[in-house]
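All of the numbers you see were taken from the coordinates with simple rules; none came from a lab. Predicted model only: the values in this text are computed from it and were never measured. Cβ atoms come from the backbone with ideal geometry, glycine included; neighbour counts cover every protein chain shown.
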Amino acid sequence: MKFNYLDMYAKILRHRFAASIMVWAPADARSKSICRGQHKLQKITSVQLDGVQVSRGADSAKWALIDGKNTVCFTTNDYTATEKRTPGAAVCLENAGVYNAFRAAAFNVEACNN
């Protein structure tokens with residue numbers, strides 16, 4: 001039996017919401033920001049909480065921000081080459097207060113170099 005899994009972030013969330021997303025992602029040179037097309041996927045490389053900068057290596061949470069939708073998605077998969085082929089799930093919450101808190105914490109977002 002052959003299984004075909006879709007990338008949770010690039011193929012499912014980005015297309016489901018028809019929006020750009022920002023992903024709290026670990027360092028993985030093979031999983032880069034996607035800057036082509038109408039909807040981008042950019043990696044968040046560090047967050048700042050109460051003035052303290054936190055790298056993704058120091059945190060195991062898995063989440064993404066859906067741009068323009070006031071939505072935060074919590075997932076079971078990291079945005080890495082190996083986990084793109086792993087079945088997973090996402091729970092998304094549309095709430096402006098929660099979205100704005102996560103967006104304010106997103107300290108470094110990988111730039112798009114078009």
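A simple packing score, the average count of other Cβ atoms within 10 Å per residue, orders the peptides 68-75, 11-18 as 68-75, 11-18, with the highest score first. So, counting K/R as plus one and D/E as minus one, what does the shell of residues with Cβ under 13 Å around GLY37 add up to? Charge balance in the 13 Å sphere: +4. Taking the charge dipole of the stretch 8-109 about its Cα centre, with +1 at Lys and Arg Cβ atoms and -1 at Asp and Glu Cβ atoms, the residue from THR80, ALA104, THR45 reaching farthest to the positive side is THR80. If you line up the long axis of helix 96-105 against the longest principal axis of the chain, both from Cα atoms, how many degrees apart are they, to the nearest 10? Roughly 80 degrees, rounded to the nearest 10. Just checking my list [x] 0.97; [y] 0.95; [z] 1.90 against Rg/Rh (Cα atoms, Kirkwood Rh) computed from this structure; which label fits? Computed from these coordinates, Rg/Rh (Cα atoms, Kirkwood Rh) corresponds to label [y]. How much net charge surrounds ILE12 when only the other residues with a Cβ under 14 Å from the Cβ of ILE12 are counted, with Lys and Arg +1 and Asp and Glu -1? Taking every Cβ under 14 Å from that of ILE12, the sum is +4. With a/c under 1.5 counting as rounded, go ahead and sort the stretch 45-100 into rounded, prolate or oblate using the C-alpha gyration tensor (a ≥ b ≥ c being the square roots of the eigenvalues; past the cut-off, prolate if a/b is larger than b/c, else oblate). Since a/c reaches 1.5 but b/c is at least a/b, the shape of the stretch 45-100 is classed as oblate. In this Cβ point-charge picture (+1 for Lys and Arg, -1 for Asp and Glu), the chain has a dipole of about 500 debye about its Cα centre. Taking 0.36 nm per residue of separation and subtracting the Cα-Cα distance, full extension of the segment from VAL98 to ALA111 would add 2.3 nm.
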